[in-house]
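Undergrad: Here it is: the structure, laid out below.
The values are calculated or read from the model by the stated rules, or taken from the named source; none is laboratory data. Quantities reported herein were computed from a predicted structural model and do not represent experimental measurements. In this analysis, Cβ positions are derived from the backbone assuming ideal geometry, glycine residues included, and neighbour counts consider all displayed protein chains. These area figures cover heavy atoms from the full protein model, side chains too; ligands, DNA and RNA do not enter into them. Shrake-Rupley method; radii C 1.70, N 1.55, O 1.52, S 1.80 Å.
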Amino acid sequence: MNETKTLVKILIGVAWLDGKIQPEERSYLLRIAKEKGVDSDREIQPILYELRSVKPEECDQWVHEYLGDHPTPERCHQLIEEVSGLIYA
């Protein structure tokens, strides 16, 4: 799976962790998905536009897909930076 697409799925999943996407999170996610060119992806659209929720287990699976079995510190730091952007929003 495309690394960028997986990252956007993780961000959307993190936004869903509290059970609801907040308006600020929604704006941020829409902007990021457009910037990364995945806003019209068939797999991204239903979760981006809140047509279905994301379960914590799904998000956990995407994190594992993104980081792999033996993630480097740099890879972990990159993911933390991306998630921090969402949290800041």
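Undergrad: Only helical DSSP H runs with n ≥ 4 go in: add -39500 (n - 2.57) per run for the chain, normalise by residue count and round the 222 nm mean residue ellipticity to 500 deg cm²/dmol.
TA: -20500 deg cm²/dmol
Undergrad: Keeping the other protein chains in place, figure out the carbon and sulfur percent of the accessible area of the chain, with a 1.4 Å probe.
TA: 51 percent
Undergrad: What do you get for the angle between helix 73-88 and the principal long axis of the chain? Use alpha-carbon atoms, 0 to 90 degrees, nearest ten.
TA: For helix 73-88, the angle is close to 20 degrees.
Undergrad: Taking the chain as the reference, fit the longest principal axis to its C-alpha atoms, fit the long axis of helix 23-35 to the helix C-alpha atoms, and give the angle between the two in degrees, 0 to 90, nearest 10.
TA: With rounding to tens, the tilt is 60 degrees.
Undergrad: Taking R0 as 30 Å, what's the FRET efficiency between Glu24 and Glu74 from their Cβ-Cβ distance, rounded to 0.05?
TA: Calculated transfer efficiency: 0.60.
Undergrad: Further question: Heavy-atom accessible area per residue, the chain, 1.4 Å probe: how many Å²?
TA: Ligands and nucleic acids excluded, the figure is 62 Å² per residue.
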